[in-house]
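> I'd like to ask some things about the structure below.
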Amino acid sequence: MDRGYGGKLVKIDLTRGKIVEEELDQKILKKWIGGKGLAAHYLYENLDAKVDPLSPDNILFVSTGPATGTWLPLASKIGFFFKSPLTGIFGESIMGGNFPAVFRWLGYIGLAIHGRSEKPVYLYLDGENVEIRDASDLWGLNTEETEKRLMEELGRDIEVAEIGPAGERLIRFAAISHGHGTRMRESKAGRTGGGAVMGSKNLKAIVLRNPGKPIIRVYDEEAVRRNAKKFVEKAIGDPLKSGVNSYRRYGTPITLSATQANSAIPSRYWEYVETRVYEALDPEALRENFYKSSVACWNCMYSCGKISVIEEDGQYKGIVTKGPEYETIFAFGVLNELDDMKPVIALNLLADRYGVDTIEMGSLISLVIYGYEKGLIKLDRPVRFGDVDSVYYLFQLTMERRGIGYDIGEGVKHLAKKYGLEDVAIHVKGLSPPAYDPRSLKGMALSYATSTRGADHLRTTSYAYEMKGILDKDDTSPEKVRFLVDVENLFSIHDSMILCRFGRFVYEWDFTIDILNSLTGYGYTKESLSRIANDIHTVIRRFNLATGMSPKEDYLPKRLFREPGKTLSGGAKSLSLEEFESMLKTYYRLRGWSEEGVPQEVTV
C-alpha cells in the first residue's frame, strides 16, 4: 500500500563524487514523518555533533514531507538542516516557492549531502538521474545572475536553490535562495547559515528539472482533495482568524501595525518597544506607493509575496524586488530607525542578491551603531541611527569581509565578544531574535529561550496568539506554557509534513491529523503525534547538548531583564526573571526532561 512518500533518499558524497539512492524504511518514515523529523533522526544518527560546521564533515540534509507538492494549500515547503555555522547547534531553515513541490514530484524525499568538492559544482536532478556538474562559471555570481545563467544553459523548465557571494565567502548567516531569476517568486532558507554550509562544500546550487505534470503519491487521493477544499472553505469562512485577506492585501508587512499597537516592536537596537519611524514604514503606505503585483508559492491562495517597484526619481528609481517582508522592514528599517521605505526596499534587493539573512544582517548593523553611539566601540568613520549611509557602509564592509565587516560576518557571539558588547548584544545561542519583544509578549520569552535553533519566532508563533487575544500577553502561568508546548508539538508535525506556518489557524490539531492520515494511512492520533513531536524535540536537544551547548543557555540576554523597553509616550515594558524561570521549569517538566533541561534517550 502506498503511504504517500516520494520514497527516494539520495546520499551524495561531494569529496568522492559518489551518489547512492535508497528507499527509506517505512518504519523510519512512520516514526519521523519527513521534513524536520526525518532530518533530526538522520543527523543525530550520522553527524558527529563536535564537527566544525564549515568542514567537509558537516552534512546538509534537504527534505520534504508527505504533504509537500500535493493539492493541499500552503504545502510547497522544503527544509534544509545541518550543524549551524552561526550558532554551533542544530541548524534548520524552511523554504517555499516552486522548488519544494518540484522536488517532491521528481520522487525524492531527501538529499544527504556529505563532503566537499575540490571545485565549484552544482547538483542536477531530473527524477531519473542525479549528477554533480561543474559550476566554475557560476562561482562569484549573485543569486539572480546564477539562476538566469542556469536557465540560459538548461532551459526555463528548471527550479533552482542557490547561494550568492555571501555563501561563497562563508558569511555565517548566508542564506539559501530560490526563485530570483526572472520569475520574481523568490524564497529563502534564510536563518542559521545554510548558505555558508553550501559554500564550504563548494556547492553553488541544486537544480531540479520540472517534470511538467505533478506526480503525487498519497494513501487516499479523494480524502486529500476533500481536505484541500476544506482548507479553502475554512480560510475564507473565517478570514480574520486565518489572515488570508490581510496576507493577500498587504503581505507580511501588515504585522508591523500589530506590533506597534501592542508595543512589541524592538527599535533602536532593543532600546524601545515602539518605533518613531512607523509612519515612514507604514504597511498601508507601502501597499499604496510601491506594490505592483502579488506572487505566491505553488498552490497557495494566500499570495503573500509582493512585488515592489520604486518609480519616483532619485537614486533608487527603477528598483524592482519581491518584498520587503516584515522582518526585513524590522531589521533594516526599525532597528536602525530609517525613516524612508525606499532604502529599505533597496537593501532588501541587495541582501537577496548577495544571499544573506536580513534579520541577522540588519540586527548586527544595528548592534554596531548602538555600540558606537553609546561610546562602547570606535570605528574608522562615524555611524548613527537614522542614517542610510551608515547602514550601507556596514553592509558593504560585511559583504567584502573587511575590517569590522569581517567580524559582523562571523555572527553576533563573535562580534560581541571581540568588541566588548556582550552586555548589550541581543541573541540566544548566537541567533538574533526577530521582531517580537518578549518584554511585551511574555510567551516569546519562552519561545526564544527554548527554540531548537536559537532565538526564533516560528517554533511556537506565540506572538500571533498573544496579539490576537487568544493568550494573555502578560500571562506566564503553567497553563500558558502547556498551551505553547502543545502548539510547538503541532508545528513540529507541520515542519515534518511540511506545511507553511501561515496556515496555523486552519491546520489545527484535528484537521492536521485527518490530513496526515489521508496522506499516509497510518492512523495517527493526537497522542501518538504529540509523542512523535516530543521525540523530535528530544533528539534535537540531545544533539545540541552533544555540541557542547549548556542548558544554561536557555536564557534571554540579561539586558532584557535588566532594561525595560521604552515606549514613545514615556512608559516602559519589563520582563521578570522569576516569572521567566518559572515558565522554563514548567517547559522542562512538560517535555519530560530533568530539572536541568536534560532529556533521556529516544529510540525508533
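> Work out how much length Lys552 to Asp238 would gain on full extension: take 0.36 nm times their residue separation and subtract the Cα-Cα distance, in nm to one decimal.
That works out to 108.8 nm of additional length.
> Can you give the charge dipole size of the chain about its Cα centre, rounded to the nearest 20 debye, using +1 on the beta carbon of Lys and Arg and -1 on the beta carbon of Asp and Glu?
480 debye
> Tell me, what is the percent relative contact order of the chain, built from C-alpha pairs under 8 Å that lie six or more residues apart?
Result for the chain is 16 percent.
> For Lys342, which aspartates and glutamates qualify as cross-link partners when the Cα separation must be under 15 Å and same-chain residues fewer than eight apart are set aside?
Glu279, Asp282, Glu284, Glu288, Glu311, Glu312, Asp313, Glu325, Asp387, Asp389
> Can you tell me the FRET efficiency between Asp472 and Arg276 if r is taken as the Cβ-Cβ distance and R0 is 25 Å, rounded to the nearest 0.05?
Efficiency for this residue pair is about 0.35.
> Rank by packing, highest mean first: peptides 244-251, 475-482, 521-528, 141-148, with packing defined as the count of other Cβ atoms within 10 Å averaged across residues.
141-148, 244-251, 475-482, 521-528
> For Cα pairs less than 8 Å apart in space and 6+ apart in sequence, what is the mean separation divided by the residue count of region 277-411, i.e. the relative contact order in percent?
17 percent
> Measure off 7 Å from each Cα along the Cα-to-Cβ vector at Tyr316 and Thr15, then give the distance between these two points in nanometres to one decimal.
Rounded to a tenth, the inter-label distance reads 4.7 nm.
> If you don't mind, there's one more thing I want to ask. Please give every one of the lysines within straight-line cross-link reach of Lys558, meaning a C-alpha to C-alpha distance under 17 Å, and leave out same-chain neighbours fewer than 8 residues apart.
The reachable lysines, counting only those whose Cα sits under 17 Å from Lys558, are Lys413, Lys417, Lys429, Lys442, Lys566, Lys573.
> Rounded, prolate or oblate: which fits region 491-604 when a ≥ b ≥ c are the square roots of the eigenvalues of the alpha-carbon gyration tensor, with rounded for a/c under 1.5 and prolate only if a/b beats b/c?
Note, shape of region 491-604 comes out oblate.
> Between Lys50 and Glu222, what is the label-to-label distance in nm when each label sits 7 Å out along the Cα-to-Cβ direction?
Distance between the two pseudo-spin positions: 5.7 nm.
> A further question follows. Tell me the label-point distance for the pair Val598, Arg559, using the 7 Å Cα-to-Cβ offset, in nm and rounded to one decimal.
In this crude spin-label approximation the distance works out to 3.2 nm.
> I've got another one for you. Report the extension gain between Thr525 and Glu145 in nm, rounded to one decimal, defined as 0.36 nm multiplied by the number of residues separating them, less their alpha carbon distance.
Separation in residues times 0.36 nm, less the Cα-Cα distance, equals 132.1 nm.
> Run the helix sum for the chain: -39,500 (n - 2.57) per DSSP H stretch of 4+ residues, divided by residue count, reported at 222 nm to the nearest 500 deg cm²/dmol.
-11500 deg cm²/dmol
> Mind checking which lysines have their C-alpha under 22 Å from Lys27, skipping anything on the same chain fewer than 8 residues away?
Those lysines meeting the cut-off are Lys8, Lys11, Lys36, Lys526.
> Sequence gap at least 6, Cα distance under 8 Å: using those rules, report the relative contact order of region 8-209 to the nearest whole percent.
Once normalised by length, the contact order is 23 percent.
> If you don't mind, another one. Roughly how far apart, in whole Å, are the Cα centres of region 549-598 and region 187-240?
34 Å
Coordinate-derived values only; no laboratory data. Here the structure is a predicted model, which means the values were calculated and not measured. Every residue, glycine among them, receives a Cβ derived from its backbone with ideal geometry; neighbour counts consider all protein chains shown.
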